[in-house]
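First comes the structure, then the notes that go with it.
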Amino acid sequence: MNELERFQDITTFIFDVDGVLTNSQLLVMEDGSLLRQMNVRDGYAIKRALEQDYKVCVITGGKSEGVVARLQGLGIVDIYYGVQDKVEVYRDFMDLYELDDANVLYMGDDVPDYEVMRLVGFPACPQDACPEILSIAKYVSHRGGGAGAVRDVIERTLRLHGKWIVEADEEEVPSSDF
């Protein structure tokens, strides 16, 4: 099986935020608020996946309203934030949509993602994930967290299924308002 074929069964993407959708850096403002940076190309890929009827879910321990607003703006409906037990939330999400673990790609980067990554069919991580996560990942992106790792796994999956590039006369090209 070549590397691309490993993405064949993926129908659902689940992502952590800090260290996956962001670069794991926090800018602490004088008032105590925290700022994160996200990759626009990751955003495009998420929108494209949703347009092509893939499920996209976010499970994070973080509580940033700004992050939630960004993710909602991309069209993600299943956003679980302030989560203490990612396995419990993962199981609830899977039951809600009657999904099969084998069809789920979960991308995490640190110890809080470890247990849920052991449950999914395709655990993946950015290149700068911690050693424990690198050791269980079936795919390590050549990109870092917040630097295109999310785009990498989505694009590989959609390309494999012929859903990445769409001819303008077949379908409207996705908007760039992300």
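Couple of notes before you dig in:
- Within region 41-59, residues that are assigned to a helix (DSSP H, G or I) sit with their Cβ atoms under 8 Å from residues that are modelled with pLDDT of 95 or more and polar (S, T, N, Q), at 6+ positions apart or across chains, in these pairs: A49/T157.
- First in region 128-142 and in contact (Cβ under 8 Å) with a residue 40 or more places away in the chain and farther than 14 Å from E115 by Cα, second anywhere and assigned to a loop (DSSP other than H, G, I, E, B) and not acidic (D, E), Cβ under 8 Å, 6 or more apart: D128/G19; D128/S24; D128/G144; D128/G145; A129/G19; A129/G108; A129/A137; A129/G145
- Count of residues meeting criterion [exposed (fewer than 12 other Cβ atoms within 10 Å of the Cβ) and either outside any helix (DSSP H, G or I) or hydrophobic (A, V, I, L, M, F, W, C) (or both)] in region 63-72: 2
- The set of residues in region 28-62 that are surrounded by 19 or more Cβ atoms within 10 Å (Cβ to Cβ) and polar (S, T, N, Q) comprises N39, T60.
- Counting only helices (runs of 4 or more DSSP H) that sit wholly inside region 73-178, those with at least 1 residues that are of a type in the set (K, R) and at pLDDT below 95 are 149-160.
- Failed criterion for G19 (all others in (1) of a type outside the set (A, V, I, L, M); (2) in contact (Cβ under 8 Å) with a residue 12 or more places away in the chain; (3) open to solvent by 70 Å² or more (accessible area, probe 1.4 Å) hold): (3)
The values are calculated or read from the model by the stated rules, or taken from the named source; none is laboratory data. Just so it is clear, the structure is predicted and the values come from calculations on it, not from any experiment. Every residue, glycine as well, gets a Cβ built from its backbone with ideal geometry; the counts of neighbours run over all protein chains shown. Calculation scope for accessible area: heavy atoms of the full protein, side chains included, ligands and nucleic acids excluded. Shrake-Rupley method; radii C 1.70, N 1.55, O 1.52, S 1.80 Å.
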